[in-house]
Amino acid sequence: MDGERGEAVERRRRGATGFDLPSVLAQLDSTAPSDQRGAVRQIRTVIDEQDRPAACVPTVPKLRALLERPDLDFREPVAACLADLADEAPNDVAPSVDAIVAVATERAERPVTRELLRCLAAVATERPDAVADHTAAIADVLAQRRGYDRWGLRTLARVSQAHPAAIEPTVPVLTDALAANPVDNGRPALRALGRLARSDADMSSLEFVDYAAELVAHDDDALRYDALGCLSNVADRAPDAVASICSDLEAALSCDDPDTRAITAITIARVAAARRAAVDPVRAALVELLADDHAHVRANACAALGNGHVDAAAARLAALSSGDSALTVRDRADRALEQLSYPAHS
């Protein structure tokens, strides 16, 4: 009796928490919509309630086949399953990217597309190569969606880490998203645009520079830093595009955050390497940074003053060159003093 009771308890336990993969796969293959729905519900239970998405990874190809069916009326839970499985196993979902993008393109304004973009963002974290060829299509989808969709923007930002040139077709959409809602859309848009600017790819437009400049004094540290990072990358490649807004960077040079001060100084330094006059509106603030408590701020201020040929900083630079505790600062100060000895040209 004890043995029979124990077996009964074990059967009930398996029934509550078990996952019969062959049965679920068979249901997904069924031609009966009720069977397919039941299989998707089981997958959702295992993912949501049991927190075991790995057990469901083998269902990905069959979920993709369901997603591609034009007559399917429960695409959203299917897409949600794929997105959760992409978080768990992006390499297993990567072969489904073509189908996911195709459905998203067909149904750009539908709720299901939010889950599809979440799926693409998850895949792009580990397999940006699988998504890189689809950036133009993703941008078209974003242009049709209200608010541009944060998952789509994150997808483009993640692709830009490994394939910045793939972002070039998306510049107009990223720019519009940045302009429309910089708080919600700014960080992924700025990161993607900045990486594109740092690459050798063609830049179809630099209109986003003005929108990035409006954020250099923003209260949100992360958003402000991403805006400055984007501008810094642009300045390295197209200094004229940033030269006109250097005077707007003065407030950032006195920000409480040392990283903000440092990246602002190096942004100005990069512009000044081509346009020395760019430092003129902020030269006093840069000289003050030579006494900053943080070595990376002092070093970047040295670079800006040297590139800008600010002779008035010579004595301060000489003192740093011989006496600063940080080697990077001493080296940058030495370099700046050398630059001051060159003939000045604007």
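Values for this structure:
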quantity	calculated
Charge tally in the Cβ shell below 11 Å around Pro164, where Lys, Arg are +1 and Asp, Glu are -1, Pro164 excluded	+1
Summed residue charge, Cβ within 11 Å of Cys255's Cβ, Lys/Arg positive, Asp/Glu negative	-4
Over the range 100-226, equivalent-ellipsoid semi-axes from the Cα gyration tensor in Å	22, 16, 13
Mean residue ellipticity (222 nm) of the chain, computed from DSSP H runs ≥ 4 via -39,500 (n - 2.57), nearest 500	-20500 deg cm²/dmol
Relative frequency of Cα-Cα separations exceeding 26 Å in the range 159-317, percent	24 percent
Crossing angle, helix 150-162 versus the chain [Cα axis fit, 0-90 degrees, rounded to tens]	60 degrees
Student exercise, the range 258-346 dipole from Lys, Arg, Asp, Glu Cβ charges, in Debye to nearest 20	220 debye
With Cα atoms, 0 to 90° folded angle of helix 221-237 axis to the chain main axis	60 degrees
Magnitude of the charge dipole, the chain, Cβ model with Lys/Arg +1 and Asp/Glu -1, debye to 20	280 debye
GNM flexibility winner over the chain from Arg154, Arg283, Arg146 (Cα, springs under 10 Å)	Arg146
Difference of contour (0.36 nm per residue) and Cα-Cα distance, Asp256 to Asp202	15.9 nm
Added length on full extension, which subtracts the Cα-Cα distance from 0.36 nm per residue, Arg107 to Asp29	25.7 nm
Extension gain, Ala179 back to Val57 (0.36 nm per residue minus Cα-Cα distance, nm)	40.0 nm
Between helix 2-17 and the chain: long-axis angle, C-alpha atoms, 0 to 90°, nearest 10	50 degrees
Prolate/oblate/rounded call for the range 230-346, Cα gyration tensor, a/c under 1.5 rounded	oblate
Carbon/sulfur fraction of accessible area - the range 246-346, other protein chains in place, 1.4 Å, %	49 percent
Three-way shape label, the range 209-278, alpha-carbon gyration tensor, a/c 1.5	prolate
Fraction of accessible area attributable to carbon and sulfur, the range 19-77 (%, probe 1.4 Å)	51 percent
Simple spin-label estimate for Ala312 and Ala165 in nanometres, 7 Å along Cα-Cβ	4.5 nm
Pairwise label distance in nanometres, Ala137 with Gln50, each label 7 Å out on the Cα-Cβ vector	3.3 nm
Rounded accessible area per residue of the chain, 1.4 Å, Å²	46 Å²
Centroid-to-centroid separation of the range 39-55 and the range 76-96 [C-alpha atoms, Å]	12 Å
Ratio Rg/Rh [Cα only; Rh per Kirkwood] for the chain	1.18
Alpha-carbon spread of the range 171-239, three principal axes, descending order, Å	31, 22, 16
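The values are calculated or read from the model by the stated rules, or taken from the named source; none is laboratory data. Computed from a predicted model, the values in this text were never measured in an experiment. For neighbour counting, all protein chains shown are included, and Cβ atoms are generated from backbone atoms with ideal geometry for every residue, glycine included. Side chains included, ligands, DNA and RNA excluded: accessible areas come from the protein's heavy atoms. Shrake-Rupley method; radii C 1.70, N 1.55, O 1.52, S 1.80 Å.
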